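Structure first, then comments.
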Amino acid sequence: MDTPIAGSDPDLALALQEAVLPTDDLAESGRSFFAYATVSGERVGYGGFERLGRDVLVRSLVVLPHARHRGIGGGMFALLLRRAFDEGGRDAWLLTTTAAPFFERAGFKPIERSAAPAAILATRQAASLCPSSAVLLGRRMSL
């Protein structure tokens, strides 16, 4: 299950820092973040997105260390994409330096940065927070 949280949530920032993921712009407007827990209430991770019209930039998705290798990340990611779709997102984009195979299993394909929408490229994450070595991936979202 997912629960909306503020970008300023200290546990979100700590989880992202420990995973060496960007945190500099978490509290800026236009971002939606969620904490994920099992049905028993065990906190297992965080994720978020930034919606730019029909385009959605998937923000850092992080599974907490104690919950890794249990298949939880895929479920978290599906919930996150559903939230983005329900808010009007139709094309999802993300940048990663280490997790391309995970996202490719979810249907994302590598895209040349020059082919991404200008709104995605203008985000702080794409323009300055993620290194130029990060791979851009994209896919159409559907029900």
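No lab work stands behind these numbers, since they all come straight from the coordinates. Computed from a prediction, not measured in an experiment: that's the story for all the values here. Cβ sites come from the backbone with ideal geometry, for glycine too, and all protein chains shown count toward neighbours.
Numerical summary
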quantity: Debye intensity ratio I(q)/I(0), log10, the chain, q values 0.09, 0.11 Å⁻¹ (C-alpha model); calculated: -0.24, -0.36
quantity: Length released on extending from His69 to Arg105, taking residue separation times 0.36 nm less the Cα-Cα span; calculated: 11.4 nm
quantity: Relative contact order (%) - criterion: Cα under 8 Å, at least six apart; region: the chain; calculated: 21 percent
quantity: Spin-label model distance (nm) - Met1 vs Arg113, 7 Å beyond Cα toward Cβ; calculated: 4.1 nm
quantity: Positive minus negative residues near Leu26 (Lys, Arg vs Asp, Glu; Cβ under 15 Å); calculated: -4
quantity: Theoretical ellipticity at 222 nm over the chain - DSSP helices of four or more residues, -39500 (n - 2.57) apiece, nearest 500; calculated: -6500 deg cm²/dmol
quantity: Filtered GluC sites (Glu not before Pro), segment 80-126: DSSP coil and at most 12 other beta carbons within 10 Å; calculated: Glu87, Glu112
